[in-house]
Amino acid sequence: MAPRSHRRLFALTALLLTAALFSGACTPRESSSDGAGAGSARPLTALADASGWLDGPPLLADSLRGHTVVIMAWSDTDPLSLRLLRDADAWLKAYGRFGLRVVGLHVPEFAFSADSAAPARALRRSGVSLPVALDAGSRVGSQMGVGEALPLWIVVGHDGKRVWTGEGDRAEAALHAAIEALRKDSGRGGADLPLPGGVTERVTKPARRVYCGTSRVGGGPLAAAVPGEALMFTAQFRYQEQGLSYTPYPVGRWKPSADGVTAARGGAADYVAIRYDGGSVDAVLGSLEPARVWVMYDDGWVPAEARGDDVRVDARGATYVEVAEPRSYSLIQRGGAHVLRLSPERPDITYYAFSFGAE
């Protein structure tokens, strides 16, 4: 069970949110559960700067004013965002008749995600039909205070003013509890929405994001690489490809760019190695044509109990992911200290980022 102090904090947060979200008598205020950026006090007006909309016509300030609005800023390449999209969609379906409005704001992390096809594919894979504002030029997110921590939740009161901001699934849990408390207190019916398993019983550690592009890579050989040139990366000793934890180490011939690192050739001699000590692992990968990326786990193939949802096995027992479109692929589903090596089957496969979930 969670520590007593954490349970008290959770209950207090839910109580305050219930009052702030659905009481017309409350005075809206700026607040943040996890230090999220404040942004504009009236975020609904920023939706007018959306580059487009998915799953419906534009929802602008005039049509949303008078309702409690939950805005979820998310990315199609962020695994946590993709998981929590289903919860946001469930809130809209269950509580829309009580006046709640839920709006997604898609924030592209990479150049390919600025195309509306990328978030549209993510919504279809998730089975979600949420109205989503597109922010290809980052004009909406900059006004709302969206940063790298995703998803970002923004709650807007009846008068159009922001009343609460939070990040990740800790914020999602508190917000969900507040909405459920409203249903029970109102006596107006509606189905219970169970929280994601165990989320109220622990303090969630944030996921770690590791980028491969020269504009955001945190260290290692890619930090000093010249973008736009095909370079030969060597590793004569094992420690050279397994240096700092959570640092991508390319071996072989690769072409770095601001967004990622692209294979200049394919084969077992070319790979990106990364050492980590944590939970699940996802990778954002893309390819000009459908192709395989072979996934090695320490010195062998990924065992069955550790394989993520996107890992497949060929007749030899070799593990791989089929990269058919640029998106986040689930590689590993369990924790521990390991080294991953991802080897491209052919050139022109790009590695953009890795996400490491908490234990």
Item to complete: Return the distance in nm (one decimal) between the two label points of a simple spin-label model at S215 and R83, each offset 7 Å from Cα along Cα→Cβ.
Response: 2.8 nm
Practice prompt. Subtracting the Cα-Cα distance from 0.36 nm times the residue separation, let me have the gained length for A324 to R265 in nm, one decimal.
Written response: 19.5 nm
Fill in: Whole-Hz couplings from phi, Karplus 6.51/-1.76/1.60, listed for segment 275-291; x for Gly and Pro
9, 8, 9, x, x, 5, 10, 10, 9, 8, 10, x, 8, 5, 9, x, 7
Worksheet item: Amide H of A353: which non-local residues (sequence gap of 5 or more, or other chain) have their own amide H closer than 5 Å, using H built in the peptide plane?
Response: C212, V284
Worksheet entry | Filtered trypsin sites (Lys or Arg not before Pro), segment 222-325: DSSP coil and at most 15 other beta carbons within 10 Å | R265, R316
Worksheet item: Heavy-atom accessible area of F356 with all protein chains present, probe 1.4 Å, nearest 10 Å²?
Response: 10 Å²
Worksheet item: Any idea of M296's accessible area? Nearest 10 Å², probe 1.4 Å.
Response: 60 Å²
Discussion item. On alpha carbon coordinates alone, what is the Rg over Rh value for segment 253-311, Rh being the Kirkwood radius?
Written reply: 0.95
Fill in: Local electrostatic count, G308, Cβ distance below 14 Å [Lys/Arg +1, Asp/Glu -1]
0
Practice prompt. Please list the non-local residues whose amide H lies under 5 Å from the amide H of Y246, H modeled 1.01 Å from N, same-chain partners needing a gap of 5 or more.
Written response: R275, Y276
Worksheet entry | Ordering of 144-156, 331-343 by burial proxy (mean other Cβ atoms within 10 Å per residue, highest first) | 144-156, 331-343
Response to the item:
Residues whose modelled amide H sits under 5 Å from the amide H of L100, counting only those 5 or more places away in sequence or on another chain, are none
Fill in: Calculated from backbone phi, Karplus (6.51, -1.76, 1.60) coupling profile of segment 329-344 in Hz, x at Gly/Pro
10, 7, 9, 10, 10, 9, x, x, 8, 8, 10, 9, 10, 10, 10, x
Worksheet, complete the sentence: Once both label points are put 7 Å beyond Cα along the C-beta direction, the R312-R334 separation in nm becomes 2.4 nm
Response to the item:
So M232 and R97, fully extended at 0.36 nm per residue minus their Cα-Cα distance, gain in nm 42.7 nm
Worksheet item: Tell me, what HN-Hα J-couplings in whole Hz come from the Karplus equation 6.51 cos²θ - 1.76 cosθ + 1.60 at θ = phi - 60° for each residue of segment 302-310, using x for Gly and Pro?
Response: 5, x, 4, 6, 9, 5, x, 5, 9
Worksheet item: With a sphere of radius 14 Å drawn around the Cβ of Y211, what net charge do the other residues whose Cβ falls strictly inside it have (Lys, Arg +1; Asp, Glu -1)?
Response: -2
Worksheet item: If you put +1 on each Lys and Arg Cβ and -1 on each Asp and Glu Cβ, how big is the dipole of segment 101-169 around its Cα centre, in Debye rounded to 20?
Response: 260 debye
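The values are calculated or read from the model by the stated rules, or taken from the named source; none is laboratory data. The shown structure was predicted, so the numbers you read here are calculated from the model rather than taken from an experiment. Glycine also receives a Cβ, built like all others from the backbone with ideal geometry; neighbour counts cover every protein chain displayed. Calculation scope for accessible area: heavy atoms of the full protein, side chains included, ligands and nucleic acids excluded. Shrake-Rupley method; radii C 1.70, N 1.55, O 1.52, S 1.80 Å.
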